[in-house]
């Protein structure tokens, strides 16, 4: 528990099955900042997500398949 409170999380690209767009690691880590005032607003998150370039678009069909594979 103390590690969770004090240690900075690792970038999501370390755990991703495939490549992530440049900037996504930084955005996720900013959202997980220990300092709430350093976290981006919802509007800023939206702006930064829209600016990312994804190799493959996340379609509704892909989302359904992803959730179906991981349903418990």
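When ranked by the protection proxy of mean other Cβ atoms within 10 Å per residue, highest first, what sequence do the peptides 22-32, 46-56 form?
Packing proxy ranking, top to bottom: 22-32, 46-56.
What shape does the range 6-52 take by its C-alpha gyration tensor, where a ≥ b ≥ c are the square roots of the eigenvalues and a/c under 1.5 counts as rounded, a/b above b/c as prolate, and the rest as oblate?
In terms of gyration-tensor shape, oblate.
I need to check one value: relative contact order of the range 2-70, counting alpha carbon pairs closer than 8 Å and at least 6 residues apart, in percent.
Working: 34 pairs, mean separation 19.5, N = 69.
The normalised contact order for the range 2-70 reaches 28 percent.
Readers should treat all values here as calculations from the given coordinates under stated rules, not as data from a laboratory. The structure presented is a predicted model; accordingly, all values stated were derived computationally and were not measured. Cβ coordinates were reconstructed from backbone atoms using ideal geometry, including for glycine residues, and neighbour counts include every protein chain displayed.
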